[in-house]
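A short write-up of the structure that comes next.
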Amino acid sequence: MKNLKISVLAAALAFGALAPATGAELPVYKDPAAAPAARAADLLGRMTTEEKLGQLQQLDGLWDTGAYREEFPKLAREGRLGSTLNVRTAPHANALQKEAVENSRLGVPVLFAFDVIHGYRTIFPVPLAESAQWDPALAERAAAAAAEEAYAVGLKWTFAPMVDIARDPRWGRIVEGSGEDAYLGSKLAAARVRGFQGADFAAPGRLMACAKHWAGYGAAEAGRDYNSTDISPSALRNVYFPPFKAAVDAGAATFMTAFNDLNGVPSTAHKANIAGVLRGEWGFKGFVVSDYTSVKELIAHGLAADDEDAAVKALSAGVDMEMVSTLYRDKGPAALAAGRLRAADLDASALRVLEMKFRAGIFEHPYIDPALEAKTLLTPEKLRLALDAALKSLVLLKNEGALLPLDPGSRKVAVIGKLADSREDMLGSWAADGKPADAVTLLEGIKAVVSPGTRVVYSSGCYTGDASEKELKAAVSAAAGADVIIVAVGESALMSGEAASRVSLALPGRQRELLERLKKTGRPVVAVLFNGRPLELGWLDANIPAILEAWQPGTRGGLAVAQALFGLANPGGKLPVTFPRSVGQVPIYYAHRATGRPTSLTEKYSSRYIDSSSTPLYPFGYGLSYSSFTFSNLLVSPASIKPDGKALVSVDVKNVSARAGDEVAQLYIRDPAGSETRPLRELKGFERVTLAPGESRTLRFELTPAELGWHYAGGFAVEPGTFKVYVGSSSAAGLEVSFEVLP
Ligand code: GLC
């Protein structure tokens, strides 16, 4: 502690937070009482071109150790290292920060960043699973907990939330977002930004958030990562942009550009989106960072002729900070001298970065207390939150004959499948510094919740690749005579996330064969899914009586699944993304348009397939419970409103079972006639409620222009006419009522 006090004092003196004894005027940028914008402007005015470019440079430290690279201290002393990603923990961060703050000409601190996507060391369910909670307040709490842990190891910026809407489960990064819907995605984007940043991201335990990837990344053609995207203006405005707008409105400090080219323009040089929409229309005041070497990739895209051209096009488009590639630094000076790069663009970017550093408080608090980590990570409260988060993310897809919940006093329980005994697969992709050793497996969870007299037998069965005949036979033998067989199937953590697209959505390896063999034993089979994307579950749905979607549930995921299977908890999650019958249906999503020949199960000449049902296997918003609920008394008032008016919707939800449980009431609208066609249904409200047996509750929703409007070619508007309202337990169910919007 003594050393820290000295270095904090040294930092204060170096940075001049303590007025010099001479009584000389304190420079504005050193005055904590001055406004961040004023401090940034004053500091910018003192910088050389090289120092300005230095603030726009982010370099990557060593991911596995958190250490910085050997050239970083010198760059920091020269004021040429604005930010790092992956450098973390006090010893590394404080040592590098000391060079920047105490040994450079202007003492500008380094901004330390890391991918804290769904937890730092306590790992929460992957974001797609978290979206299945339909509980933004819970997502906010998880982000806040992640920020506390990340801050404790010297970080001040996370590259989250990822808010890319995704409607193609072949794309591996569908796991990182909120699924297919703009409204649900917007609520979760805002919640996660609030969680990371709090009311003031300068506060201890808070991080700057980063909405990514701007824009359209989730629409990668054929679900192939990094692939081109071709998105209509209507889809951009009504589907892909809203979660980013929600992040801006929630105060997101930064944005990150995407790898993809959008309608022929790489996102990392997309001036219309960055300068036009983000800053011009939405008033975003933070700064924009590229994705990893995406500035350099402008050459591969075929937009830039060479390094300097790439630097000029990205910086001129408004990409303030360059992640890992060094073209701004290397080619900026010559481009400036030749007039190919405007000095005003450089100054504008450097100013935005500096202002956010002042707002983040790292000039006054550049160092992290080394003692903070041990008392912040993996606390009982955070682990309890991770358990609650996992429980609420579970989606019960099938429960034939009320097979679930199981009897904790069962005589013999067979647990089959390597995924039931895999710690790292509980954490999922982008698990930051989550440690598999901290994770509870499904097998451990089951052993913890069954009675002492229950015999639990495990066999690895098959993982996600091949399995020997011996392993499959051993699994069948282990299942012999069991009261119930619990089979863990799905994907490994590495099969989704970045650079993890699949052409198939089938259960990998010999998992299907394993299930077929176990079904033949005649014993009841429960399938538990661990996966980062929708999978093809048609055979399971037809042959397995109980199916629980567990995604990648985090550090306490195995315990959560076990508690749900044996009735200590009641699953109530809902799908944030459509599960297709076949990958051949992709893209398939609930908010689709009617077409002139709407899908019909009987009419040949309708929009349908001849070799499959055209409906999804499980629709968006679907999920069962051990309880049963009814919806009744759907009302809307008044019967008509003006386009700028408000309609009030109410509905009664009742738990008609003998068990307390959660239901997610979902409100959808449809505008059946207008100057452009709109989707058959659009989610515009939801509420997850816990109801006691027999309890009924009236839920209320408001429909204002924000919910009723649509981005038409002529702008955002609420068009007069009839609006239909549906409220129910999924996008495919519900009561219906309508009201009028008057001219
Ligand atoms: C990756 C990802 C981005 C991440 C960044 C830093 O390539 O696209 O989401 O934040 O690089 O790790």
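Overview of values
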quantity	calculated
Hits in the stretch 72-94 (condition: more than 16 Å from the ligand (Cβ to nearest atom) and within 23 Å of Leu354 (Cβ to Cβ))	Phe72, Pro73, Lys74, Leu75, Ala76, Arg77, Glu78, Gly79, Arg80, Leu81, Ala93, Asn94
Test: residue in the stretch 611-618 that is of a type outside the set (Ser, Thr, Tyr) and surrounded by fewer than 20 Cβ atoms within 10 Å (Cβ to Cβ)	yes
Unique match (being outside the structural domain of Leu683 (by TED's automatic domain parsing), of a type in the set (Asp, Glu) and within 26 Å of Leu708 (Cα to Cα)) among Glu99, Glu180	Glu180
Test set (1) closer than 16 Å to Gly205 by Cα; (2) within 16 Å of the ligand (Cβ to nearest atom); (3) within 13 Å of the chain's Cα centre (by Cα) - Val126 fails condition number	(1)
When residues of the stretch 54-66 are limited to those that are buried (at least 16 other Cβ atoms within 10 Å of the Cβ) and farther than 18 Å from Leu351 by Cα, the one farthest from the ligand (Cβ to nearest atom)	Gly66
Test for Arg69: is it surrounded by fewer than 19 Cβ atoms within 10 Å (Cβ to Cβ), over 18 Å from Phe287 (Cβ atoms) and within 16 Å of the ligand (Cβ to nearest atom)	yes
Near pairs, Cβ below 8 angstrom, 6+ apart or cross-chain, from the stretch 575-604 (more than 26 Å from Arg533 (Cα to Cα)) to any residue that is among the aromatic types (Phe, Trp, Tyr)	Arg597/Tyr605
Identity of the residue in the stretch 211-239, more than 21 Å from Leu298 (Cβ to Cβ) and among the hydroxyl-bearing types (Ser, Thr, Tyr), that ends up farthest from the ligand (Cβ to nearest atom)	Ser234
Counted residues, the stretch 369-405 - those being closer than 23 Å to Ser628 by Cβ, in a helix (DSSP H, G or I) and not small (Gly, Ala, Ser)	3
Residue check for Leu354: in contact with a Pro (Cβ under 8 Å, 6 or more places away or on another chain), modelled with pLDDT of 95 or more, under 21 Å from Phe159 (Cβ atoms) and in a helix (DSSP H, G or I)	no
Pick from the stretch 167-188, criterion over 20 Å from Val248 (Cβ atoms) and within 15 Å of the ligand (Cβ to nearest atom), ranking: surrounded by the most Cβ atoms within 10 Å (Cβ to Cβ)	Val175
Subset tally (residues that are in contact (Cβ under 8 Å) with a residue 40 or more places away in the chain and more than 29 Å from Val153 (Cα to Cα)) for the stretch 45-71	4
Scan of the stretch 254-283 for residues that are in a loop (DSSP other than H, G, I, E, B) and surrounded by fewer than 24 Cβ atoms within 10 Å (Cβ to Cβ), ordered by number	Phe259, Asn263, Gly264, Trp282, Gly283
Qualifying positions in the stretch 284-326 - farther than 18 Å from Val265 by Cβ and part of a helix (DSSP H, G or I)	Asp307, Glu308
Hey, Phe284 within 16 Å of the ligand (Cβ to nearest atom) and in contact with a strand residue (DSSP E or B) (Cβ under 8 Å, 6 or more places away or on another chain) or not	no
Count of residues meeting criterion [within 26 Å of Ile299 (Cα to Cα), in contact (Cβ under 8 Å) with a residue 40 or more places away in the chain and over 16 Å from the mean Cα position of the chain (by Cα)] in the stretch 240-263	4
Residue that is within 31 Å of the chain's Cα centre (by Cα) and either within 16 Å of the ligand (Cβ to nearest atom) or in contact (Cβ under 8 Å) with a residue 60 or more places away in the chain (or both), where the choices are Ala437, Ala479, Ala414, Ala448	Ala448
Among the residues listed as Ala258, Ala253, the single one being small (Gly, Ala, Ser), touching a Gly at 6+ places or on another chain (Cβ under 6 Å) and either in the same structural domain as Cys210 (by TED's automatic domain parsing) or away from the ligand (no atom under 16 Å from the Cβ) (or both)	Ala253
Filter pass, Ser675 being surrounded by fewer than 16 Cβ atoms within 10 Å (Cβ to Cβ), assigned to a strand (DSSP E or B), on the phi < 0 side of the Ramachandran plot and polar (S, T, N, Q)	no
Single condition Ser738 does not satisfy, out of (1) of a type in the set (Ser, Thr, Tyr); (2) in a strand (DSSP E or B); (3) closer than 23 Å to Phe241 by Cβ	(3)
Any hit, the stretch 189-209, residues being assigned to a helix (DSSP H, G or I), under 19 Å from Leu85 (Cβ atoms), within 13 Å of the ligand (Cβ to nearest atom) and assigned by TED's automatic domain parsing to the domain that holds Ala317	no
Hey, Ile274 in contact with a Phe, Trp or Tyr (Cβ under 9 Å, 6 or more places away or on another chain), under 27 Å from Lys98 (Cβ atoms) and assigned by TED's automatic domain parsing to the domain that holds Tyr226 or not	no
Residue list for the stretch 156-166, filter: more than 13 Å from the ligand (Cβ to nearest atom) and either within 9 Å of the chain's Cα centre (by Cα) or within 30 Å of Ala90 (Cα to Cα) (or both)	Lys156
Enumeration of residues in the stretch 288-322 that are in contact (Cβ under 8 Å) with a residue 60 or more places away in the chain and surrounded by fewer than 19 Cβ atoms within 10 Å (Cβ to Cβ)	Tyr292
Residues of the stretch 374-404 classified as farther than 21 Å from Gln552 by Cα and surrounded by 19 or more Cβ atoms within 10 Å (Cβ to Cβ), total	1
Hits in the stretch 485-519 (condition: among the charged types (D, E, K, R) and either surrounded by fewer than 23 Cβ atoms within 10 Å (Cβ to Cβ) or modelled with pLDDT under 95 (or both))	Glu498, Arg502, Arg510, Arg512, Glu513, Glu516, Arg517, Lys519
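The values are calculated or read from the model by the stated rules, or taken from the named source; none is laboratory data. None of the values given here were measured: they were computed from a predicted structure. Cβ: placed from backbone, ideal geometry, glycine included. Neighbour counts: every protein chain shown.
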